[in-house]
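Below is one structure, written out as structure tokens, with a few remarks after it.
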Amino acid sequence: MKLAVIGARLDGERVGLRAVDGVIAALGPEVEPAAGDRTIDGAGMVLVPGLVNAHTHAAMTLFRGYADDLPLMEWLTKHIWPVEKRMDDEDVYWGTRLACVEMIRTGSTCFWDMYWHAHATARAVEDAGVRAVTAAPLIDDCDEAKSARACDDADRSLGRIREAGGELARPGLAPHAIYSVSERSLRWVAQRSAELEIPVQIHVSETEDEVTNAVAQFGVRPAHYLDRVGLLGPRTVLAHGCWFDRDELNLVADRGATVVTNPVANLKLAVGRVFPYADARAAGVELGLGTDGPGSNNSLDLLSDAKAFALLQKNEARDPAAVTAAETLAIATGQQSGLLGGRGLAVGVPADFLLVRADAPELSLGELDAGLVYAASGSIVDTTVVAGRVLMTGGVVAGADEVVARARERAARLGLAGG
Ligand SMILES: [Zn+2]
């Protein structure tokens, strides 16, 4: 499978790009298409690395617009969890396919997912053509008696993800949070992740209550507790971290875990504190950006959230220089974390990239990075390529109409709004 892009701009010069077997094989001003290449005319476009949505619950597209504007626990216990109990593989498959269409349209080429029926997520990811780490939530209600079964279920889920996945969907483990998973299970996850060399995703330090309860129950703040159970390492993604203090951020940096901040979901759920980015950067913490699930954001447009991230941090620091557009884009493309694996555009790296419309009003003047973060949104993306395969061109994702129709059917079946 060979692809060539000609005439697009990169770092101010006109270049050609060739992708062979999913990898960038050639990139530069002299690069021309070879015989047998599918060729895309990139005139008027700029090449940009694909975005990495480093924390979401993709299939929750089905919940979008359902039971908004409620307190967190009421939303979860009265509205989300009862419906989730009734969801099946096909619901998760079509909810994820809908999310994939949105992410392809808005430039995310990879996402990190935590959701039920994770093998159905993996199947959807392979069919949609994007990359993802998919993981089923592990929850045992902090009850050690339920731990063995929850761990067995997680192990079985790994096997099913492997069967359904392939080149694009990779399995992970996802203990939900320290307030919903027992110490026994957390230690099991740490051990299993090390044995299999697979990543772990966990929600941590999202609310102040979580910190207060951790101190009362475990005698330490959440990051120290995760370290105690062996989960704070370079294979772990820590979603949120809003309430981390400096000591915790130093520990997280020391252990090499990645913190993924989800600014829009944090605002919508009113967690009350902005992720302490300045302290995290000073400590050398590896970082990523996520939308969180469409039930709590409600958008999957990571470029819009990149703007929210930058603006929040500037305001919080009372300093417009607190974070730059280039820094924000590096985080949003996974280049500030070894685990998230963003490596920019170069020969030998996976051919996951975008063509954005440089001639569109939002990008037609001024610096590209500033235009992408502050002026544009995901609608600026014209072409999305993952592993050398064209998933969208001219702003059109093949098969999107069917995906929308099927997702509506599934939402209607579940009695959700929009069905
Ligand atoms: Zn989440």
Extreme residue, surrounded by the most Cβ atoms within 10 Å (Cβ to Cβ), among residues of the range 317-375 that are among the charged types (D, E, K, R) and under 24 Å from the mean Cα position of the chain (by Cα): Asp352
Residues in the range 294-304: is at least one under 24 Å from Asp254 (Cα atoms) and of a type in the set (A, V, I, L, M, F, W, C)? no
Just checking, which of Arg235, Arg255 is among the basic types (Lys, Arg) and in contact with a helix residue (DSSP H, G or I) (Cβ under 6 Å, 6 or more places away or on another chain)? Arg235
Candidates Arg281, Arg357 - the one that is under 20 Å from Thr109 (Cβ atoms) and of a type in the set (Lys, Arg): Arg357
Hey, can you tell me all the residues within the range 43-67 that are away from the ligand (no atom under 16 Å from the Cβ), of a type in the set (A, V, I, L, M, F, W, C) and in a strand (DSSP E or B)? Met45, Val46, Leu47, Val48, Leu51
Within the range 99-117, restricting attention to residues that are more than 19 Å from Leu340 (Cβ to Cβ) and in a helix (DSSP H, G or I), which residue is most open to solvent (accessible area, probe 1.4 Å)? Arg105
Flagged in the range 37-94 as among the β-branched types (Val, Ile, Thr) and over 30 Å from Leu27 (Cα atoms), in numbering order, are Thr56, Thr61, Thr77, Ile80, Val83, Val92
Considering the range 297-316, residues that are open to solvent by 10 Å² or more (accessible area, probe 1.4 Å) and part of a loop (DSSP other than H, G, I, E, B), and then whichever is nearest to the ligand (Cβ to nearest atom), we arrive at Asn297
How many residues does the range 232-263 hold that are farther than 17 Å from Val215 by Cβ, open to solvent by less than 20 Å² (accessible area, probe 1.4 Å) and either small (Gly, Ala, Ser) or without any contact (Cβ under 8 Å) to a residue 12 or more places away in the chain (or both)? 4
Given the conditions (1) open to solvent by less than 10 Å² (accessible area, probe 1.4 Å); (2) of a type outside the set (Ser, Thr, Tyr); (3) modelled with pLDDT under 95, and given that Ala280 satisfies all but one, which numbered condition is not satisfied? (3)
Are any of the residues in the range 19-42 touching a Pro at 6+ places or on another chain (Cβ under 6 Å) and within 16 Å of the ligand (Cβ to nearest atom)? no
Among the listed residues Ala265, Ala282, identify the single one that is part of a helix (DSSP H, G or I), of a type outside the set (Asp, Glu) and within 14 Å of the ligand (Cβ to nearest atom). Ala265
Subset of the range 294-327 (residues that are touching a strand residue (DSSP E or B) at 6+ places or on another chain (Cβ under 8 Å) and modelled with pLDDT of 95 or more): Leu300, Leu302, Leu303, Asp305, Ala306, Phe309
Could you list, in sequence order, the residues of the range 219-253 that are within 16 Å of the ligand (Cβ to nearest atom) and within 19 Å of the chain's Cα centre (by Cα)? Thr236, Val237, Leu238, Ala239, His240, Gly241, Cys242
Would you be able to tell me the number of residues in the range 11-31 that are open to solvent by less than 60 Å² (accessible area, probe 1.4 Å), closer than 14 Å to Asp41 by Cα and in a strand (DSSP E or B)? 4
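The values are calculated or read from the model by the stated rules, or taken from the named source; none is laboratory data. Here the structure is a predicted model, which means the values were calculated and not measured. Here the Cβ is made from the backbone with ideal geometry for all residues, glycine too, and neighbour counts use every protein chain on show. Please note that ligands, DNA and RNA were not included when accessible areas were found on the heavy atoms of the full protein model with its side chains. Shrake-Rupley method; radii C 1.70, N 1.55, O 1.52, S 1.80 Å.
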